[in-house]
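For reference, the structure is listed below as structure tokens.
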Ligand code: ADP
């Protein structure tokens, strides 16, 4: 690594800090190919990262050259991200499940120097213009070297990009979010200040590597000197396997999207009692339907449940402990206040800051941990990195999140939905999230999603609901009457369909585009029974 000069704010330096202090402590506990748990110490992880970096450094790459890293979360994958970081090579994490077409589009878009794949993945056609390599516990092997270029850069600065994450599209068309070392390191230091995890923790990470929730888990675990426990996809396949793995790995903190918990809550909630080491559950990415959250509280009575809110453009904005028990009748979760060193402000449609409790507005985030910009898209960048509405003349740029929230009595925020989920019905502005929240208060409904679907003569409001494991039939008439009592008439769905589950994106969030398509289909399908009051 003789040519690497990473700044003090380099991701590698933060995450491998514990290697000097607790070198023998497990940095990663993971399942090997036979499912047997193995521990990789901080010292070994650091050596692996340095070995990989030495190989990469021999390839003649320049600071800023991109490396696509295709892997599930594992010690070698983490070592690869660290090796890229120390050399100033922005990494683009992609999951092995990424369809060929999407991967090709990412390769075409970011023109990486290298596509590095974890050992043992299924074969993929190589992209001709891109170097290729594979890596694992045995080392990093270059299969096809990238084209050598003249180096223009020497130092890796704090402002240099650490990674580019492509969003999954739940927030619009996928965008390449470029994050600097300074932003991600500042964010992770704030997590240390907030004490989200400590050296005694074993942090289970369940999201695919391409989702920044996985990087969050890696970052939080290693920067706190804790142990990262990546959970393999096959171990998430059934509630019994998932809980058995978390129990055997003695996990103390689990990170995952709300849908992670749905199968175990529906089919085998008693299994949760086996997680005797578990102290906290951090969920993020979308709203946790409150009926399911209540059940999780009941079945994990001694675990803190933490609502992480944020977007890839800032990694996260806030972490709010869910009150235990969640007060009866509370259907919107608090996303609280921003994490240490950041601030969330609500701004109304006239650009005015919302100060009166009960009123709603769009969330603007003021933070030193904001992304640099979207890859090759200055217009989209300027649309969300905007002058601070409080005092635009200062030139400070803040993140316009596109999320709508209500101001609480103590300045805390209650997430209501994305501004693009605000729809107009007969001239009235409607938050789809309000309808969904109402539906989840109807007995036996555990999750709900509402959308507008095209019908002759315009659009109509249609909802899908998931019922708890014990119930298979919804009394649609009663559910609609309930909505009519609770909501203005224009917010009452035209029809409600019971579905076994809501469709999910690759990152495990509700796939609203797909749901809208499914609900727009008028016929019954084997997977969905429809009843309607139309
Ligand atoms: P994508 O889903 O397209 O991959 P992101 O992961 O960046 O992109 O999605 C960020 C969005 O997810 C936020 O703007 C917000 O709408 C939603 N979100 C994230 N966390 C929460 C949460 N705790 N509660 C409600 N919504 C959330």
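None of the figures in this text is laboratory data; all of them are computed from the coordinates on show. What you are looking at is a predicted structure, and each value in this text was computed from that prediction instead of being measured. Here the Cβ is made from the backbone with ideal geometry for all residues, glycine too, and neighbour counts use every protein chain on show.
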- Tell me, what is the FRET efficiency for residue 302 and residue 250 to the nearest 0.05, using R0 = 22 angstrom and their Cβ-Cβ distance as r? 0.90
- Task: Count the DSSP beta bridges whose two residues both fall in the stretch 428-533, then state the antiparallel fraction as a percent rounded to the nearest 5.
- Result: 80 percent
- Quickly estimate the mean residue ellipticity at 222 nm for the chain, helices only: each DSSP H run with n ≥ 4 gives -39500 (n - 2.57), and the total goes over all residues, rounded to 500. -7500 deg cm²/dmol
- Could you run the Debye sum over the Cα atoms of the stretch 342-418, one equal point scatterer each and no solvent, and tell me log10 of I(q)/I(0) at q = 0.11, 0.14 Å⁻¹, two decimals? -0.28, -0.45
- Query: When you count, for each residue, the other Cβ atoms within 10 Å and take the mean per peptide, how do 146-154, 197-205, 266-274 rank with the highest first?
  - Reply: 197-205, 266-274, 146-154
- Projected label distance in nm at residue 141 and residue 173, using a 7 Å step from Cα toward the beta-carbon: 4.0 nm
- Item | Potential lengthening between residue 330 and residue 419 on full extension [0.36 nm per residue; Cα-Cα distance subtracted] | 29.9 nm
- In nm, spacing of pseudo-spin labels at residue 409 and residue 455 (7 Å Cα→C-beta vector): 4.0 nm
- Item | Cα gyration tensor category, rounded, prolate or oblate, for the chain with a/c compared to 1.5 | prolate
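Have a look at the DSSP beta bridges in the chain and tell me what percent are antiparallel, nearest 5.
Roughly 65 percent of the beta bridges in the chain run antiparallel, per DSSP.
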- Note on the structure: Taking Cα atoms, the helix 100-110 axis meets the longest principal axis of the chain at an angle in degrees (rounded to 10) of 60 degrees
- Query: Given the Cα-Cα distance of residue 128 and residue 501 and 0.36 nm per residue of separation, how much length would full extension add, in nm?
  - Reply: 130.2 nm
- Item | C-alpha long axis of helix 181-194 to longest principal axis of the chain, angle in ° | 60 degrees
- Query: Among 493-499, 168-174, 53-59, 476-482, what's the highest-first ranking by average C-beta atoms within 10 angstrom per residue?
  - Reply: 493-499, 53-59, 476-482, 168-174
- Message: Expected output is a single nm value to one decimal: the length gained when fully extending between residue 350 and residue 192, i.e. 0.36 nm times separation in residues minus the C-alpha distance. What is it?
- Response: 53.2 nm
- Share, in percent, of DSSP beta bridges within the stretch 53-194 that are antiparallel, nearest 5: 40 percent
- Using alpha carbons only, how many degrees (0 to 90, rounded to 10) separate the axis of helix 476-486 from the longest principal axis of the chain? 90 degrees
